[in-house]
């Protein structure tokens, strides 16, 4: 039995889809109505990390678990609670979604410190582990969709700085391999796309996919802070600003081979992700279908 958490997120949803109907599958979810059913209806345990009873029920008879937690949630203790429950249940392997920044000695923001702490907890809990350390998800560009549809514009801070962003589907495929194959325990995989791209580069590729000329507008740091502080808690917003500064310094440009090494195929480029999600950025159809 494999347990998947985070099934309402982009990676967890895809992990559940890939495993559905292939392996005995259970998911832990607060809201069973949001659990994806593509590929087969999984066994659902209703609960969360703060509910020790639901953790025990979810982990009973589980051999491997896919672990997704959120910075600041659960008082920062979600990973510890899950790891303790997994050890008590006899789980043999935890596959944890972390972040590429944990290995950067210059990264000391709130999110990175939290991810390092989460890795430390899982590494020391007595259960076998694997860490998945992705760069930014290509799907983060969906935050541009409304402005692209309404104004034909992309706005981002440090628009020419590059990031070796990764398709969440590639992260999910790596996770499934790690959950179902031997030889991955004790490993940490840097997961990137095949090239480092800037927001300006991504705007150009989206223009090509959509057949529509999009323009790029640089956000100042003050504008970015105003936007992020309205959307996220203050420590998260500040961490995003610090992360953007590290990207400007070149800290996120490294392309790694792990997606190819684990899955046996090249990582998907951004153009493929964009083409597969073009509908999210496209102008609405004219009334009457004309």
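Any read-out appearing in this document is the output of simple, stated calculations on the displayed coordinates, not a laboratory observation. Model, not experiment: these values are computed from the prediction. We place every Cβ from the backbone using ideal geometry, glycine too, and count neighbours over all the protein chains shown.
Between residue 278 and residue 248, full extension at 0.36 nm per residue minus the direct alpha carbon distance yields a gain of 8.0 nm. Relative contact order of the chain, taken over Cα pairs closer than 8 Å and 6 or more residues apart, is 17 percent.
When only Cα pairs below 8 angstrom with a gap of at least 6 residues are kept, region 124-185 shows a relative contact order of 48 percent. Packing order of peptides 200-208, 229-237, highest average first: 200-208, 229-237 (average count of other Cβ atoms within 10 Å over each peptide's residues).
Placing one equal scatterer on every Cα of the chain and applying the Debye formula, the log10 ratio I(q)/I(0) at q = 0.07, 0.09, 0.13, 0.15 Å⁻¹ is -0.27, -0.46, -0.95, -1.23. Distance from the C-alpha centroid of region 87-130 to that of region 45-86: 14 Å, rounded to the whole angstrom. As an exercise, take the mean of 1/r over every pair of distinct alpha carbons in region 181-227, invert it, and state the Kirkwood radius in angstroms. Hydrodynamic radius (Kirkwood, Cα pairs) of region 181-227 is 14.4 Å. The value of relative contact order for region 5-131, using C-alpha pairs under 8 Å at least six residues apart, is 21 percent. Tell me, rounded to the nearest percent, the portion of alpha carbon pairs in region 206-247 spaced more than 17 Å apart. Pairs farther apart than 17 Å: 45 percent. Translational diffusion coefficient of region 1-128 (Stokes-Einstein, Kirkwood radius from Cα pairs, 25 °C, 0.890 mPa s): 165 µm²/s.
From helices alone, the chain scores -12000 deg cm²/dmol at 222 nm; the rule is -39500 (n - 2.57) for each run of n ≥ 4 DSSP H residues, then divide by the residue total.
Residue order for 225, 129, fewest other beta carbons within 10 angstrom first, comes to 225, 129. Taking every Cα-Cα distance in region 1-63 and sorting them into 10 Å bins starting at zero, the pair-distance distribution P(r) comes out as 25, 59, 16 percent.
The calculated pair-distance distribution of region 166-253 uses every alpha carbon pair, bins of 5 angstrom beginning at 0, and gives 3, 11, 13, 15, 18, 18, 12, 7, 4, 1 percent. Looking at region 146-207, the pairs of alpha carbons with a distance over 20 Å make up 47% of the total. Judged by the gyration tensor of its Cα atoms, with axes a ≥ b ≥ c, region 58-212 is prolate; a/c meets the 1.5 cut and a/b is the larger of a/b and b/c. Only beta bridges with both residues in the chain are counted; by DSSP, about 5 percent of them are antiparallel.
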